[in-house]
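First the structure, in the form of structure tokens, and then the observations on it.
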Amino acid sequence: MTPFGTTKDGREVHKITFEDGDLSVSVLTWGAVVQDVRIVGVDRSLTLGSDTLSDYEGDMRYHGSLIGPIVNRISTARVLVDGMMYELERNQDGRIHIHSGSDSTLLQVWEVVEVSETSVTLRCDLVDGQCSLPGNRSIEATYSVSAPATLSLSVTGTTDTVTLMNFANHSYWNFDGTENWSGHSLEVQADHYLPTTEDFHPNGEIQSVAGEAMDFRTIRSIQPQEPPLDTNFCLSTNSEPLRRVLTLKGTSGVGMHVATDQNGIQVYDGRDAIRPDRSRYEGLAIEAQNWPDAPTHRGFPSIKVTPTAPYSQRTEWSFFKP
């Protein structure tokens, strides 16, 4: 564990690096960020990160972070929890709630619970009312690596009253080290997706991918805006065991398989996720999650958690090379 920097308000942030087999990973205590992912034989990080903490406090605040308690958009910026309506921060265009606002887990310094040669466990506690939601909540995230080249994430969330949780790691990936991800190939094992409004939140429909530009059931090459991607793919409507759901591969032959027990996975093309002195579409965000905007739509799987039914997620990224 090494010092990484000090936040603008004086909090110390550390970097923890762990490895096994061909894979080494660095995670920050700021936002539980996956800052660096390296595989033996490839001379660059596979994820888009920074060595400067102020970047993560600024325009790169979503890069690699573990976002919650509710990731992505709540279109009405209000949620009903156990009969009570809660008004959320309207931090997108003054109308929409996105990524839990200015008090999200992505903007917290997480406590280090345990470190080993192959893993780190971090904890973030949210007090009742934080992010405008009820409950004293405790979130634990364990990142671990295993040979030959797999990164695993386990997230648990407990609460002392009924509340809402939907977490996602928001890492960006580019396996070619190029200006943008043009030419990468994508496969998503989903029969349905959620069409969105012009504000990029679900419109309430659950659309078959058959015959659509969003049909990635067979791996194929993709280009920016062909199609535009800020899209949740519907993997299931109920909890499922860990299973492979997505493959992303660069023209270099480097790539990853993603497995998760979540019922959705968001793919975002990175059009507005611009690192300093870099370009649009540099990386693709792959977000294993529950369906976004779930509290607004009766037909979407619930994101409610209770003291007796806590939150959990398991996601794995398995990397490969030629």
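Brief remarks follow.
Quick grid of which residues meet (1) modelled with pLDDT of 95 or more; (2) within 21 Å of the chain's Cα centre (by Cα):
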{"site": "Leu186", "(1), (2)": "yes, yes"}
{"site": "Val209", "(1), (2)": "yes, no"}
{"site": "Phe216", "(1), (2)": "yes, yes"}
{"site": "Cys234", "(1), (2)": "yes, yes"}
{"site": "Ser239", "(1), (2)": "no, yes"}
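- One residue stands out among those in region 1-36 that are in a loop (DSSP other than H, G, I, E, B) and basic (Lys, Arg): the one that is nearest to Thr142 (Cα to Cα), which is Arg11.
- Scanning region 269-286 for residues being surrounded by fewer than 23 Cβ atoms within 10 Å (Cβ to Cβ) and either in contact (Cβ under 8 Å) with a residue 40 or more places away in the chain or in contact with a Cys (Cβ under 6 Å, 6 or more places away or on another chain) (or both) gives a total of 11.
- Search result, residues across region 9-49 that are of a type in the set (Gly, Ala, Ser) and touching a Phe, Trp or Tyr at 6+ places or on another chain (Cβ under 6 Å): Ala32
- Check on Asn174, in contact (Cβ under 8 Å) with a residue 12 or more places away in the chain and over 24 Å from Arg44 (Cβ atoms): no
- Candidates Lys321, Lys304 - the one that is touching a residue at least 24 places away in the same chain (Cβ under 8 Å), over 25 Å from Pro134 (Cβ atoms) and either surrounded by fewer than 21 Cβ atoms within 10 Å (Cβ to Cβ) or not acidic (Asp, Glu) (or both): Lys321
- Of all residues making up region 164-198, the number that are closer than 26 Å to Ile39 by Cα and among the β-branched types (Val, Ile, Thr): 2
- Residues that are within 30 Å of Asp176 (Cβ to Cβ) and not in a loop (DSSP other than H, G, I, E, B), drawn from region 279-306: Leu284, Ala285, Ile286, Glu287, Ala288, Gln289
- Looking across region 133-161, the residues that are surrounded by fewer than 17 Cβ atoms within 10 Å (Cβ to Cβ) and either at pLDDT below 95 or part of a loop (DSSP other than H, G, I, E, B) (or both) come down to Asn136, Ala147, Pro148, Asp160, Thr161.
- Any hit, region 105-112, residues being aromatic (Phe, Trp, Tyr), touching a strand residue (DSSP E or B) at 6+ places or on another chain (Cβ under 8 Å) and under 15 Å from Glu287 (Cβ atoms): no
- For region 32-52, a residue qualifies if it is aliphatic (A, V, I, L, M), more than 23 Å from Ser146 (Cβ to Cβ) and surrounded by fewer than 19 Cβ atoms within 10 Å (Cβ to Cβ), but none of them does.
- Hits in region 153-187 - residues which are closer than 20 Å to Gly283 by Cα and of a type in the set (S, T, N, Q): Asn169, Ser171, Asn174, Thr178, Asn180, Ser182, Ser185
- Strands (runs of 3 or more DSSP E) enclosed by region 214-262 - at least 1 residues per element that are surrounded by fewer than 21 Cβ atoms within 10 Å (Cβ to Cβ), of a type in the set (S, T, N, Q) and touching a residue at least 24 places away in the same chain (Cβ under 8 Å): 243-249
- Subset of region 65-80 (residues that are part of a loop (DSSP other than H, G, I, E, B) and touching a helix residue (DSSP H, G or I) at 6+ places or on another chain (Cβ under 8 Å)): Ser65, Gly68, Pro69, Ser75, Thr76
Yes or no, residue by residue, for (1) at negative phi; (2) more than 20 Å from the chain's Cα centre (by Cα); (3) without any contact (Cβ under 8 Å) to a residue 12 or more places away in the chain:
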{"residue": "Gly94", "(1), (2), (3)": "no, yes, yes"}
{"residue": "Glu111", "(1), (2), (3)": "yes, no, no"}
{"residue": "Ser116", "(1), (2), (3)": "yes, yes, no"}
{"residue": "Cys131", "(1), (2), (3)": "no, no, no"}
{"residue": "Tyr143", "(1), (2), (3)": "yes, no, no"}
{"residue": "Leu151", "(1), (2), (3)": "yes, no, no"}
{"residue": "Asp160", "(1), (2), (3)": "yes, yes, no"}
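The values are calculated or read from the model by the stated rules, or taken from the named source; none is laboratory data. If you're wondering where the values come from, they're calculated on a predicted model, not measured in any experiment. Heads up, the Cβs are rebuilt from the backbone with ideal geometry, glycines too, and the neighbour counts pull from every protein chain shown.
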